[in-house]
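**Student:** Got a structure here, written out as structure tokens. Questions coming.
Bear in mind that the values in this text are calculations on the coordinates, not laboratory data. Quick caveat: nothing in here was measured; it's all calculated off a predicted structure. Virtual Cβ from ideal backbone geometry, glycine too; neighbours counted across all protein chains shown.
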Amino acid sequence: MPPMAELLLVGGRVIDPNSGMDQVSDVLIRNGVVMDISQTRLSADVPHFNCEGCIVSPGLIDIHVHFRDPDTTGHHEETVASGAAAAVAGGFTSVCCMPNTTPAIDCRTVVESILHRASAAGQARVYPIACGTIGRLGESLAPILELVEAGAIGISDDGDGIADSGMMRRVLSLVEAAGSVFMQHCQDPTLTRGAAMNAGSLATRLGLGGWPREAEELMLRRDLILNRSIGAKYHAQHLSVAESVDALREAREQGQPATGEASPHHLLLTENACENWNTQAKVNPPLRTSSDIDAIKRGIDEGVITVLATDHAPHPAHTKETDFASAAFGMVGLECALPLYREALIDDGVLEWPAMLKMMTSEPANVTGLDHLGLGRLETGGPADITIIDPDATWTVDPTAFRSEGRNCPFSGRNVRGRALATIVAGQIKHQQASDRADAAIEDQSVLR
């Protein structure tokens, strides 16, 4: 699509969770900025996008994705470009990519390289999360202050929790000094060696190593104890067990700056998805039980868990087409996350659209500091990062049509409801979904040549 200096979004339900706005309005965009939001029909001689029946939201933000770039292994699981394209296809205007790359994001040059690749791709905004320790090995401190200065939006050894308590204390202290956030993969490695799925009778029957729930809770509680005297921003990733929700609740009640996230698969799937050694359901942390899903949903309803994040993790087909114990952990999720969240939270009566969108816009922006860039909200004078959502669009998840290079998705063939109709980044339409709704398109088709 060619550059578009102006665009008028007409008649959509404009929801800005940051301000509490929820009204049918027109939105005028000019030169990448929101110029006006008005309940009175705006008149402008510019291309129009008919948003009637749709939700006009701040651009969706996912603060936990894996783009595998840089990658010197030759696996080519994903790139910044393909991942950013997948993001806009799913309605995400900004994503934060994790540091389990090769080489790891543990020096200034890698941070700058990712930012350059994202700019060149010209799709979603991509912000790197840098390492807390060199090589994510947990043995020596990464140059955290320098990494944040170079543009890292947060710090994590994601894929591995930092097991050494002394090292964890030092990392938290530097994160606090940098004014950044630490994002922890809560997993005690001494309890999970050889584990492949949730510990229980099903794992025993399938002959697979069991992953105890305590492995997550122990590391989370240790971190929260260490952080009492430090006060760093702390974010617990992909919570999967009820005990972790309890631990986070207690810390927040004590005033700790601690947040947590939930992923689509931990809201919809139980360990039973691993039946018949289904490797598409092998994730880290593993799928748990229905009672854990209920606890995570309660945590969301109570405001204990404030962020939704996909943990988008692409893998080549051959790494899943093997025995369960040897198969790679992870699943892709960017392009089908929105309707899955809708199914788990809105259709189940946990949240309504404004509250769910808050967990996908202003809350993740607040965790990572992207709010200081004006992201995560929709307001006059702010950046025109906008997602237009058709809440009633019905479709079937088809990984072969994904823009991601990953096809490893356990939701393949699932009938879902709700879809990003268009994704706008800095005033430019980066993705527009073909739709059966004849009016859900730019009326001046010349801008799409």
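**Student:** For the chain, what does -39500 (n - 2.57) per DSSP helix run (n ≥ 4), summed and divided by total residues, give at 222 nm, in deg cm²/dmol to the nearest 500?
**Tutor:** When only DSSP H runs of four or more count, the value is -7000 deg cm²/dmol.
**Student:** To the nearest 0.05, what FRET efficiency results for Ala401 and Glu250 with a Förster distance of 45 Å applied to their C-beta separation?
**Tutor:** According to the calculation, E is roughly 0.55.
**Student:** Where a Cα-Cα gap under 30 Å defines reach, which lysines qualify for Lys430, not counting those fewer than 8 residues away within the same chain?
**Tutor:** Counting by Cα, and skipping residues close in sequence, Lys430 has these lysines nearby: Lys358.
**Student:** Moving to a separate point now. Tell me, what is the FRET efficiency for Arg228 and Asp71 to the nearest 0.05, using R0 = 56 angstrom and their Cβ-Cβ distance as r?
**Tutor:** 0.90
**Student:** Per 0.36 nm of contour for each residue apart, how much would the distance between Ala325 and Leu137 grow if the chain were fully extended, relative to their Cα-Cα spacing?
**Tutor:** 65.4 nm
**Student:** For helix 242-253, report the angle its Cα long axis makes with the longest principal axis of the Cα atoms of the chain; keep it between 0 and 90° and round to the nearest 10°.
**Tutor:** 70 degrees
**Student:** Under 1.5 on a/c is rounded, so check that first for region 60-373, then, if it is not, pick prolate when a/b is larger than b/c and oblate when it is not; a ≥ b ≥ c are the square roots of the alpha carbon gyration tensor eigenvalues.
**Tutor:** rounded
**Student:** Between region 176-212 and region 100-140, what's the alpha-carbon centroid distance in Å?
**Tutor:** Cα centroid of region 176-212 versus Cα centroid of region 100-140: 24 Å apart.
**Student:** Just to confirm the number: angle between the C-alpha axis of helix 165-178 and the first principal axis of the chain, 0 to 90 degrees, nearest 10?
**Tutor:** Orientation of helix 165-178: about 30 degrees from the principal axis.
**Student:** So, one more: Quote to one decimal, in nm, the extra length available between Leu145 and Asp392 on full extension: 0.36 nm per residue of separation minus the C-alpha distance between them.
**Tutor:** Result: 84.4 nm gained on full extension.
**Student:** Test of understanding: what is the full-extension gain from Ala317 to Ser291, defined as 0.36 nm times their sequence separation minus their Cα-Cα distance?
**Tutor:** Stretched out fully, the Ala317 to Ser291 stretch lengthens by 6.2 nm.
**Student:** Taking the 0 to 90 degree range and rounding to the nearest ten, how far is the long axis of helix 290-301 tilted relative to the main principal axis of the chain, both from C-alpha atoms?
**Tutor:** It is inclined by approximately 50 degrees.
**Student:** Say we join alpha carbon atoms closer than 10 Å with springs in a Gaussian network model of the chain; which of Ser263, Ser201, Ser290 then has the biggest fluctuation?
**Tutor:** The residue with the greatest mean-square fluctuation here is Ser201.
**Student:** Work out the FRET efficiency for Asp45 and Gln23 from their Cβ-Cβ distance, taking R0 = 25 Å, and round it to the nearest 0.05.
**Tutor:** The pair Asp45/Gln23 has a calculated efficiency of 0.55.
**Student:** Continuing with this model, one more query. Taking every DSSP beta bridge with both residues inside the chain, roughly what % is antiparallel (nearest 5)?
**Tutor:** Counting DSSP beta bridges with both partners in the chain, the antiparallel share is about 50 percent.
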